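Presented below is the structure to which this report refers.
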Amino acid sequence: MGNFLRLVGALAFIALVASFGLSAIYGATHEITETYKQAEEAQARIEALACDPDAFFVETVTDSLVGGQPFSYYTAYASEGSDDVLGYSFTAYGKGYSSTIVTIVGVDLAGIICGVKITDQKETPGLGSKIQEVASQNTIWAVMAGNAVDESGVKPWFQKQFEMLGVDGLRVVKSTTDEGILAVTGATISSDAVTESVSEGLAMLLSVVGVEEGDGSRDADGGTARELGEGA
Amino acid sequence: MRPLAELVKGIYKENPVFRLALGLCPALAVSTSVENALGMGAAATFVLVGSNITVSFIRKFVPTKVRIPCYIVVIASFVTTVELVMGAYLPELAKSLGIFLPLIVVNCIILGRAEAFASKNGVGRSILDAVGMGVGFTFAITLIGAIRELLGDGKLMGYMVFGPQYQPVLLMILAPGAFITIGLLMGYFNILDERMKKKTEAKGGKG
């Protein structure tokens, strides 16, 4: 019996030390991580909308009307106090293969995507993680000879595909000859997760803010994005 | 065994992937390219050293019957600590290594070395063992990664090798390519080993 208690005691002691230690570390690091994440998100919003760094974002949270849950989006103004609306931005959360993929989406006043930026994902390295890959056009020989082309401004190819698309352009395809978002080879789940979350978010955004000009590019099938008929 | 031998054994003689067949899960999942392999190797080595040190420290207090759950708690806490601290103070590093950390939990090299080595040896030797095993693991997945990236993507370190006309062998990037590569490499190292054995036997017989 005494031996049994000793076993339980040792295990309980180690678990206790571990949990107290972890909670202390979490308490010490949580705030710093959050601050960094928020700064990163703000930067991503500016990049996704391709607007000036002094653009001013105002967050709006809708009532639980749309799809049964509140929806949060940002309106971008040219500067603080200005009435000049540049566009909208929202954060899409997609359930990927092994993580929640967080995508910041920039949308112009006509309801067309200006850019997307994936800020957080923990998909399989080498497969799903390629949603963030920048494909180099340089050969290893050019790099070794020192005459590689500078590619620092090149955007990740998967995310670049979202640019200039409306709600109905957002579907995943598996062949380069089809129109749409070309899936990452071997990572259909990750590709679908990003595309679906962006598509759902865009439909919700449009149903809330409406769009300026009707060009037919935003009629989602299934009527998820009924326009309100009002200008933004 | 001499301290130096503890360090070196993990690289070839007891290579975790090719010899002990440990850590095959991350070796399969992450060896799609050299860059990923190096990232995974670095992250795994770091956690391995940390867990070996801790397990070696507590080895005398832990009752034998509950040692495995204790080691699991220690390793899981260590991985979580690394994840939290890195996210707060080294966000850039967390971005490049962060995706490998959850995969380390399924890396049985860590638990394997805790059980087979750190629980029976002192801290100094445990560190040497961890570094050796870490380097051996990194070497193994980098080799697999180089082969898979070269054939499956026509690239090395993300740069094209054969030019844009190369038609990649997609199979090599997907899971079967990993099995095929690991299998062939293991076979090759076994042949190499046998030849070396024969040579030393022949020498020993005559001498």
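The values are calculated or read from the model by the stated rules, or taken from the named source; none is laboratory data. Everything quoted here is computed from the prediction, not taken from an experiment. Heads up, the Cβs are rebuilt from the backbone with ideal geometry, glycines too, and the neighbour counts pull from every protein chain shown. Areas reflect the complete protein model, heavy atoms only, side chains present, ligands, DNA and RNA absent. Shrake-Rupley method; radii C 1.70, N 1.55, O 1.52, S 1.80 Å.
Points worth noting:
- All of B:V55, B:V49, B:V79 fail the test of being out of contact with any Pro (no Cβ under 7 Å at 6 or more places or on another chain), part of a helix (DSSP H, G or I) and away from chain A (no Cβ under 12 Å), apart from B:V49.
- Residue match in the stretch B:138-151 (condition: open to solvent by 50 Å² or more (accessible area, probe 1.4 Å), in contact with a helix residue (DSSP H, G or I) (Cβ under 6 Å, 6 or more places away or on another chain) and not in a helix (DSSP H, G or I)): no
- Filtering the stretch A:87-99 to residues that are part of a strand (DSSP E or B) and open to solvent by 70 Å² or more (accessible area, probe 1.4 Å) leaves A:Y93, A:K95.
- Hey, B:V73 open to solvent by less than 60 Å² (accessible area, probe 1.4 Å), under 20 Å from the mean Cα position of the chain (by Cα) and of a type in the set (A, V, I, L, M) or not: no
- Candidates B:L185, B:L156 - the one that is open to solvent by less than 30 Å² (accessible area, probe 1.4 Å), touching a residue at least 60 places away in the same chain (Cβ under 8 Å) and within 21 Å of B:A29 (Cα to Cα): B:L185
- Residue match in the stretch B:30-40 (condition: part of a helix (DSSP H, G or I) and more than 10 Å from chain A (Cβ to nearest Cβ)): yes
- Qualifying residue in the stretch A:53-64 (condition: free of Cβ contacts under 8 Å to residues at least 40 places away in the same chain, open to solvent by less than 50 Å² (accessible area, probe 1.4 Å), closer than 19 Å to B:K95 by Cα and among the hydrophobic types (A, V, I, L, M, F, W, C)): no
- Residue selected from the stretch A:75-127 under the condition more than 14 Å from the chain's Cα centre (by Cα) and under 21 Å from B:L97 (Cα atoms), by the criterion nearest to the other protein chains (Cβ to nearest Cβ): A:G126
- Residues of the stretch A:138-156 satisfying the condition of being within 13 Å of chain B (Cβ to nearest Cβ) and surrounded by 13 or more Cβ atoms within 10 Å (Cβ to Cβ): A:N138, A:T139, A:I140, A:W141, A:A142, A:V143, A:A148, A:V154, A:P156
- Verdict on B:V17 being more than 30 Å from B:V161 (Cα to Cα) and either surrounded by fewer than 18 Cβ atoms within 10 Å (Cβ to Cβ) or at pLDDT below 90 (or both): no
- Which numbered condition A:A76 fails, given (1) open to solvent by less than 40 Å² (accessible area, probe 1.4 Å); (2) assigned to a loop (DSSP other than H, G, I, E, B): (2)
- Among residues of the stretch B:58-73, those that are aliphatic (A, V, I, L, M), part of a helix (DSSP H, G or I) and facing chain A (nearest Cβ under 7 Å), counted: 2
- The number of residues in the stretch A:20-45 being among the hydroxyl-bearing types (S, T, Y) and either more than 8 Å from chain B (Cβ to nearest Cβ) or in contact (Cβ under 8 Å) with a residue 24 or more places away in the chain (or both) comes to 2.
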